[in-house]
Amino acid sequence: MGKRVAISGNHSIAEGVRLAKVDVVAAYPITPQTPMVEKVADFINQGRLDAKYIAVESEHSALTAVVGASVMGTRVFTASAGAGLALMHEIVGVASGNRLPIVMGIANRSLPSPWSLQADHSDSMAERDLGWIQLYAASCQEALDYTLLAYRIAEEVRLPVMVCIDGFFLTHTTEAVDLPDQADVDQFLPAFERGDIYLDPDDPMTINQLNSEATFTELKYRHNEALNSVVDLFPHVAKEFEERFGRKHSLCTAVGCEGADVVVVTLGSSSGTARKVAGQMRADGQKIGTLQVSCFRPFPKQEVIDHLKHAKAVAVVDRSWALGTDGPLAQEVKSAFYSAGLNVPVYNFVGGLGGRDLSEATVKRVIGKALELKEQEEQALYPIWIDVKEEAK
Amino acid sequence: MADLVSKGLTTCEGCGMELIARSILDVLGQNTIMLTPPSCSAILTGFGSETGWKVPAFQSNLENIAAYCSGISVALEHQNKTDINVVALAGDGGTVDIGLQALSGAVERGHKFIYVCYDNEAYMNTGIQRSGSTPVGAWTTTTPGGKKEPKKNIVEMLLAQGIPYVATASVGYIDDFKKKVAKAREIDGPAYIHTFSPCPPGWRAKPRDTIKIAKLAVDTNLFPLFEAIDGEVRVTRKVRKVASIKEYLELQGRFRNIRDEEVESLATDAENYYNKLLESEAK
């Protein structure tokens with residue numbers, strides 16, 4: 001059996017990297033990701049992780065360097081946040097387009113401007129359609145477990161994975177975490193094997209060259225097929241994980257959704273808050289459910305539909321400022337509902353931006369407003385900014 | 001020796017870069033990984049299912065070829081594969097402009113790789129736009145009145161950074177270039193070779209004059225040939241009789257409208273720099 005430790009979210013991902021026996025790490029420090037890569041550097045320095053650490057001169061080079069190390073057939077890790085992830089943007093598509101099983105820790109931080117050091121999902125959401133798997137953890141335990149799941153899934157489908165944890169709310173919060181034994185992890189995550197593309201003088205090939213319209217579409221089609229296959233693969237890998245480590249993980253986690261008057265849909269660290277508030281309200285006789293979406297890419301449409309189809313209303317909380325339209329999570333839920341012909345009202349709430357706490361009070365306000373809109377049979381064409389101060393209006 | 005670059009490539013007639021590529025692999029052989037950025041050298045890396053390389057190759061982005069080299073080099077180190085050469089073949093724009101940060105970072109970290117810049121003194125693959133490496137007085141499509149600023153000296157920047165091996169070379173003196181590639185291979189760290197590479201279409205020059213122009217650049221002292229091992233400068237081709245800058249310029253339509261004072265400044269700068277190199281050699 002493993003042991004129980006008190007560690008932060010950053011530290012949890014670093015433990016996942018250590019347990020995954022990563023070979024090459026390249027990273028550039030940025031708040032609030034810094035302690036994550038410091039911890040990895042520490043593990044290497046102490047000899048607890050036999051890896052090379054490349055202290056690159058930028059995030060752009062961090063992702064570039066791990067792409068280079070990955071095509072050499074090594075297991076790699078990098079991490080970023082906010083503007084640093086935005087700087088990587090160009091290489092985000094290179095990593096996934098070359099089908100490289102890279103795992104990247106994201107300490108979610110708002111994109112400028114205005115500058116903010118703190119959490120929202122605007123950074124990872126800006127990368128959401130570039131063909132990476134995106135997992136959003138709601139606890140330090142999930143941060144560790146998702147890192148291990150990430151390597152396993154990445155190497156099966158040959159796609160990169162972002163493991164996202166909310167800046168400060170998870171990166172810097174200490175929680176009790178069950179740390180698995182190395183031997184168990186080795187069973188769950190076999191030694192790295194290179195895929196179909198590699199740079200090897202004994203078997204030369206040219207990688208990543210220019211393509212024409214004759215092949216571009218087909219390559220992106222296959223990329224998309226591989227990404228979508230994760231919806232089916234994830235439950236199998238999660239089942240094996242549960243059998244080995246005793247913890248259950250899902251694409252999305254529903255509590256009390258069946259017949260609920262309102263289901264609150266969340267991503268990331270606010271999921272626990274939403275579950276607590278909804279639980280209290282259910283104890284008071286109100287029918288309030290929650291759905292935590294853990295896997296945002298690929299978006300598990302059918303699972304979301306199945307969990308939400310018997311709800312009377314859905315309140316989607318986006319911790320992301322998608323200006324000019326719905327938040328990204330609401331777009332997904334509405335799209336899934338429309339595709340399934342569901343006529344359940346979906347209300348989009350934007351909140352928790354730039355580190356503002358998505359507090360129990362805010363979740364209660366979300367639920368109250370959703371109940372009110374449903375009661376009055378009102379539509380909300382654009383998102384409701386639920387925690388904006390009156391003075392800004 | 002087997003030819004490790006295919007015949008019949010679609011580089012332009014008289015292309016200096018192609019000669020550089022062939023010469024690199026003539027020296028380094030099969031145990032080499034080539035990287036090219038989006039640029040003329042990407043022609044060698046190929047299109048669709050075709051490639052010009054018979055060694056493994058990777059197409060980088062424009063600004064990060066040295067960062068790819070970093071990751072590849074460190075992975076090889078981790079795998080104890082120390083006999084594989086990692087080579088970047090990038091143009092001047094991808095090196096002295098947009099690629100400078102990644103190059104400087106990779107050099108500072110000391111990774112083992114060879115960076116060959118083919119300097120054709122402008123963005124040629126996009127159709128002749130000025131780069132930091134374009135010389136004074138040269139016409140490009142974005143300097144229609146001729147470039148006003150002098151050429152950026154990347155080699156001095158790398159020397160200042162303490163790179164273990166740096167050299168200039170010219171396709172006009174290909175044996176000298178090959179010797180430098182062979183030396184670069186032996187360096188346990190980053191090695192950089194800045195190679196003068198005429199571009200007939202971009203320079204409005206005759207393809208048959210590529211070698212002649214490349215020799216003249218050296219013989220006029222506009223592009224002196226030297227190397228520095230751990231900062232020890234050695235001029236590898238001493239110019240006994242300085243050739244005519246006028247002749248050099250007249251072979252290239254890009255200098256058709258160069259002003260007299262610009263010719264003057266080119267000549268003065270060339271003389272001063274060459275003398276400075278000789279002085280540092282003497283030290």
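The values are calculated or read from the model by the stated rules, or taken from the named source; none is laboratory data. A quick note: this is a predicted structure, and the numbers were derived from the prediction, not measured. All Cβ positions, even for glycine, are placed from backbone atoms using ideal geometry, and neighbour counts span all protein chains on display.
Data for the structure
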quantity	calculated
Filtered residue count, the range B:45-65, keeping only those that are more than 8 Å from every other protein chain (Cβ to nearest Cβ) and outside any loop (DSSP other than H, G, I, E, B)	2
The lone exception for A:Ile44 - which of (1) in contact with a Gly (Cβ under 6 Å, 6 or more places away or on another chain); (2) of a type in the set (A, V, I, L, M, F, W, C); (3) not in a strand (DSSP E or B) it fails	(1)
Members of the range B:23-34 that are in contact with a strand residue (DSSP E or B) (Cβ under 6 Å, 6 or more places away or on another chain) and either within 16 Å of B:Asp92 (Cβ to Cβ) or of a type outside the set (A, V, I, L, M, F, W, C) (or both)	B:Thr32
Any hit, the range B:15-36, residues being touching a Gly at 6+ places or on another chain (Cβ under 7 Å), of a type in the set (Val, Ile, Thr) and surrounded by 24 or more Cβ atoms within 10 Å (Cβ to Cβ)	no
Count of residues meeting criterion [outside any loop (DSSP other than H, G, I, E, B) and touching a residue at least 24 places away in the same chain (Cβ under 8 Å)] in the range B:130-147	1
Residue count for the range A:332-356, restricted to those that are surrounded by 16 or more Cβ atoms within 10 Å (Cβ to Cβ) and either free of Cβ contacts under 8 Å to residues at least 24 places away in the same chain or charged (D, E, K, R) (or both)	3
Among (1) within 14 Å of chain B (Cβ to nearest Cβ); (2) buried (at least 17 other Cβ atoms within 10 Å of the Cβ) - the single one A:Pro180 does not satisfy	(1)
Matching entry among A:Gly259, A:Gly268 (being touching a Phe, Trp or Tyr at 6+ places or on another chain (Cβ under 7 Å) and assigned by TED's automatic domain parsing to the domain that holds A:Tyr347)	A:Gly268
Of the criteria (1) in contact (Cβ under 8 Å) with a residue 40 or more places away in the chain; (2) facing another protein chain (nearest Cβ under 9 Å); (3) part of a strand (DSSP E or B), which one B:Leu89 fails	(2)
Selection count where residues are within 14 Å of chain B (Cβ to nearest Cβ) and exposed (fewer than 13 other Cβ atoms within 10 Å of the Cβ), scope the range A:183-201	3
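Residues are listed down the side, and each one gets a yes or a no for (1) touching an Asp or Glu at 6+ places or on another chain (Cβ under 9 Å); (2) surrounded by 24 or more Cβ atoms within 10 Å (Cβ to Cβ); (3) more than 8 Å from chain B (Cβ to nearest Cβ); (4) under 30 Å from B:Pro56 (Cα atoms):
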| position | (1), (2), (3), (4) |
| --- | --- |
| A:Phe43 | yes, no, yes, no |
| A:Arg48 | yes, no, yes, no |
| A:Ala69 | yes, yes, no, yes |
| A:Gly73 | yes, no, no, yes |
| A:Gly82 | yes, yes, yes, no |
| A:Glu90 | yes, no, no, yes |
| A:Leu100 | no, no, yes, yes |
